Structures are given as structure tokens and as C-alpha cells.
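One structure is given here, and the rest of the page talks about it.
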Amino acid sequence: MRKNFLPFALPSIDQEEIKEVVNTLRSSWLTTGPRVKKFEEKFAKFIGAKYAIAVNSCTAALHLALSAIDLKRGDEVIVPAMTFAATAEVVRYFDAKPVLADVETDTLLINPSVIEEKITKKTKAVIPVHYGGQSVDIDRILKISRNHRLKVIWDAAHSFPTKYKGKLVGTFPDITCFSFYATKTITTGEGGMIITNNKTRAEKMRILSLHGISKDTWKRYAAGGSWYYKIIYPGFKYNLNDIAASLGLVQLKKYKLFLQKREKIARLYNQAFRSLPEIEIPTVKEYSTHAWHLYVIRLNLDRLKINRDQFIRELKKRNIGVSVHFIPLHIHPYYQKKYGYRAKDFPKSYEAYKRIISLPIYPKMTQKDILDVIWAVRATINKFKR
Ligand SMILES: *Cc1c(COP(=O)(O)O)cnc(C)c1O
């Protein structure tokens with residue numbers, strides 16, 4: 001058994017990132033400046049989109065996206081039940097209603113048919129999540145959304161880089177939001193990126209991201225002098241800083257190496273677990289690639305003498321850190337109190353929740369780390385199978 005604990009997630013930070021951060025510190029330009037601008041340009045170019053706005057989190061990105069589509073109090077926004085807090089809380093910022101939709105059992109992706117069922121006169125937008133790193137069925141969701149005049153904000157926190165039918169997530173309308181949180185596939189410590197091809201919305205989001213101050217306004221109207229500015233919205237303080245951007249620039253360059261390592265780990269897990277009747281491995285749709293932010297196994301509980309929580313404890317005893325993505329929104333106290341949701345309202349999300357475990361999958365893992373995870377899962381199954 002392994003001697004030291006294997007963390008569930010670790011960022012991939014090496015000398016190159018450290019050097020670039022130190023260079024930024026030495027440059028004395030710490031806040032939003034030349035490195036943020038360069039990071040935005042490189043990221044937009046990589047995705048193949050017109051506008052990229054760097055912000056200090058994906059949550060901020062989602063908030064600004066909803067501002068850009070003019071979400072109003074009382075509007076409804078459809079979000080998956082199986083997601084992180086951020087996807088729904090940003091809707092609440094507007095005193096609008098996050099309408100939860102159940103997910104598909106095999107992929108845990110939002111079910112497009114359920115989206116259609118949930119649409120009312122008040123529905124303004126949908127926020128699909130590319131759960132784990134594979135894409136939702138973008139064409140189907142866009143078709144439904146266009147038929148009902150809904151806007152689509154893609155929560156791409158897990159899906160850098162993911163391709164849907166050969167095109168990168170981020171190239172589809174209306175707005176895509178990426179996360180560079182420490183555990184995501186590339187990181188700036190904390191950070192996010194908004195991607196769109198719509199100029200008006202891009203400008204509005206940029207202005208809102210920094211106190212609603214329009215720089216173009218002072219360029220156009222100021223009598224001269226860089227001290228002049230105009231506030232045109234009550235904005236937010238969501239700008240990314242240059243220290244973070246310098247991390248992002250290095251991470252972006254390494255995306256392929258990171259992806260290949262994650263793919264390799266997923267392959268080894270698949271090979272090791274495919275034939276075990278006690279667990280199910282992730283299903284990947286034929287129209288999507290997988291960024292492998294998460295590798296989620298599902299326990300076949302009727303074939304085991306222990307439940308998911310006990311399974312996690314057994315893995316921990318064997319020095320393997322794991323996690324659960326996610327505790328569905330509708331069983332959290334806030335959403336239960338606010339909307340009266342009960343566990344069985346979203347049965348697929350709830351049933352999945354009782355069975356899922358996210359295994360470690362990150363480039364820093366060694367061959368031995370990977371084999372240790374496989375061993376721990378197998379040993380737990382062998383000890384507790386029926
Ligand atoms: C991590 C995450 C976010 C939020 O990202 P931050 O950059 O931490 O704000 C949003 N949605 C999903 C699905 C996430 O996993």
C-alpha cells in the first residue's frame with residue numbers, strides 16, 4: 001500500500017510558470033496590463049473567437065454574461081441540477097430563478113429534452129455545463145434555444161480544450177465562460193475567460209468587468225489627460241491581474257502536453273476498470289472529445305456491500321484522495337428552502353449522486369500514482385463485492 005497520501009488534485013506548476021510570475025513581479029506592473037492583454041489575444045486566437053475578456057473567476061464570467069444578455073428580476077434560466085454552486089448562484093444575483101433540469105444517467109450532461117420541457121414564457125436563457133470535460137449536444141441545445149428565442153451561456157469550466165463535432169467549445173454562440181481555478185485543466189490560481197463573437201456584448205462585459213468605466217469614452221471625449229474617465233454602468237471589480245495572466249500564458253502553451261497526460265490516465269483507468277461489474281466507467285459521446293477535467297466512476301451499489309461514502313473512506317485508508325462532483329443543487333439547503341425542491345424531483349441527478357466518485361486525474365501524477373489508484377479501487381471492490 002502507498003505510504004503517502006495522493007491528493008485528489010494538484011496544479012501543474014513548474015519552473016517556467018515560476019519564472020514568468022517573478023518576471024511580472026520584477027516588471028512592477030501587477031494589475032491588469034500588458035500580460036492580461038496578451039493572454040486575451042492568445043486565448044481568443046486559440047479558440048478561434050473574436051473577443052476574449054479575462055476576469056478573476058468563471059463565476060464572474062457567468063455573471064457578466066448574464067448582464068450582457070440583460071437578465072432581469074423574475075426571468076428564468078435553465079441550469080443542470082448536477083453542477084457546481086456557481087452555475088445557479090449567478091442567476092440569483094439578478095433575483096431571477098434558476099430552473100433546474102435533470103441530467104442523462106450515463107454522461108451526467110444536461111438532457112436537451114428536459115430543457116425543452118422546462119421552457120416557459122419567462123425563460124430567458126440556458127446555462128449548459130460541459131460536465132467533466134465532454135461537450136453537451138450543442139446543436140440540439142442551440143436549435144431548441146433558437147426556436148424559443150433563448151440565449152445560451154456555456155459553462156465551460158471543465159472543458160478547456162474540448163471539441164464538439166470537430167469545433168472547439170467556445171466557438172458557439174452566444175457566450176462561453178472558462179475557469180482557471182487551481183484544479184481546472186489550465187490555471188491562473190483564480191481566473192476566468194469570457195468568449196464571444198458579439199461585439200456589443202463583448203464591449204459591455206469588458207466595461208462591466210472594471211467598475212463600469214468606459215476607456216473609449218475618455219479617449220473620445222476627454223480634453224486630454226489619462227486621469228479622465230466616465231462611469232456608464234454600476235460595474236464590478238472582476239478584472240484579472242497580470243501576475244495571474246503570466247501564469248495563464250505559460251499554461252496555455254502547455255495545453256497539449258496536459259491534455260495528453262490526462263488522456264493517458266483516462267485510458268489506463270478505462271482499461272483497468274472496464275471489465276469490473278461493480279463499477280461503470282465514463283461514457284463519452286461520439287460527437288465530443290474529452291478534456292478529462294474529471295474522471296467519474298459510478299458504483300453499481302447492488303454489487304457492493306458498502307455505499308459510496310464508505311467506498312471513499314476505504315480509498316482514503318489506502319491513501320487515495322477522491323472527490324464527488326457534484327452534490328446536486330436541489331438537495332442543498334438554500335435551494336430546498338427557496339424553491340421547495342425535494343431529492344426525488346431530479347431522480348437521475350440524485351441517483352447518480354449516490355453512486356459517483358471522481359478519481360485523481362492530473363498531469364503531475366506519476367505512473368506509480370496511477371497504478372496506486374487502480375490498485376486501491378480494485379482492492380476495495382475485492383474486499384466488499386457481493
Ligand atoms: C469551477 C466551476 C465554476 C466556477 O469557476 P471559478 O473560476 O472557480 O469561479 C463554474 N462552473 C463549474 C461547473 C465549475 O466546476
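Nothing in this text is a laboratory measurement; each read-out follows from the coordinates by a stated rule. In this text, all values refer to a predicted model and were calculated from it rather than measured experimentally. As a convention, Cβ positions derive from the backbone with ideal geometry for all residues, glycine included, and neighbour counts pool all protein chains shown.
In plain terms, the residue of Glu104, Glu263 with the fewest other Cβ atoms within 10 Å comes first and the most crowded comes last, giving Glu263, Glu104. Note that the stretch 68-73 has calculated 3J(HN,Hα) couplings of 5, 8, 6, 4, 10, 3 Hz, one per residue in order, obtained from phi through the Karplus relation 6.51 cos²θ - 1.76 cosθ + 1.60 (θ = phi - 60°); glycine and proline are x. Our helix-only sum for the chain, with -39,500 (n - 2.57) per DSSP H run of n ≥ 4 divided by its residues, gives a mean residue ellipticity at 222 nm of -12000 deg cm²/dmol. Taking amide H positions as modeled 1.01 Å from N, with prolines and chain starts lacking one, the residues under 5 Å from Leu6 and 5 or more places away or on another chain are Ile320, Gly321.
Counting other Cβ atoms within 10 Å as a rough exposure proxy, the listed residues Phe46, Phe39, Phe160 run Phe46, Phe39, Phe160 from fewest neighbours to most.
Amide H to amide H distances under 5 Å link Ser57 with Gly192, where only residues 5 or more positions off or on other chains count and H is placed in the peptide plane. The Cα-based radius of gyration of the stretch 151-218, divided by its Kirkwood radius, gives an Rg/Rh of 1.03. When both bridge partners sit in the chain, DSSP labels roughly 65% of those beta bridges antiparallel.
Sorted largest first, the spans of the alpha carbon positions of the stretch 78-206 along the three principal axes are 39, 37, 29 Å. The amide H of Trp154, built 1.01 Å from its N in the peptide plane, has Asp174, Ile175, Thr176, Cys177 as neighbours under 5 Å, considering only residues 5 or more places off or on other chains. Within the stretch 97-218, antiparallel bridges make up roughly 55 percent of the DSSP beta bridges whose residues both belong there.
In order along the stretch 110-124, the Karplus-derived 3J(HN,Hα) couplings, from 6.51 cos²θ - 1.76 cosθ + 1.60 at θ = phi - 60°, round to 4, 8, x, 5, 5, 4, 4, 5, 8, 6, 10, 5, 8, 5, 10 Hz, and Gly and Pro are given as x. Taking one quarter of the surface of the C-alpha convex hull of the chain gives a mean projected area of 20.2 nm².
Rounded to whole numbers, the Karplus 3J(HN,Hα) couplings from phi for the stretch 371-381 are 5, 5, 5, 4, 4, 5, 5, 5, 5, 5, 4 Hz, using 6.51 cos²θ - 1.76 cosθ + 1.60 with θ = phi - 60°, and x at Gly and Pro. Ranked by how many other Cβ atoms sit within 10 Å of their own Cβ, fewest first, the residues Asp242, Asp137 fall in the order Asp137, Asp242. The calculated P(r) of the stretch 268-386, using every Cα pair and 10 Å bins from 0, goes 12, 40, 31, 14, 2 in percent.
For the pair the stretch 230-287 / the stretch 336-386, the C-alpha centres are spaced 18 Å from each other.
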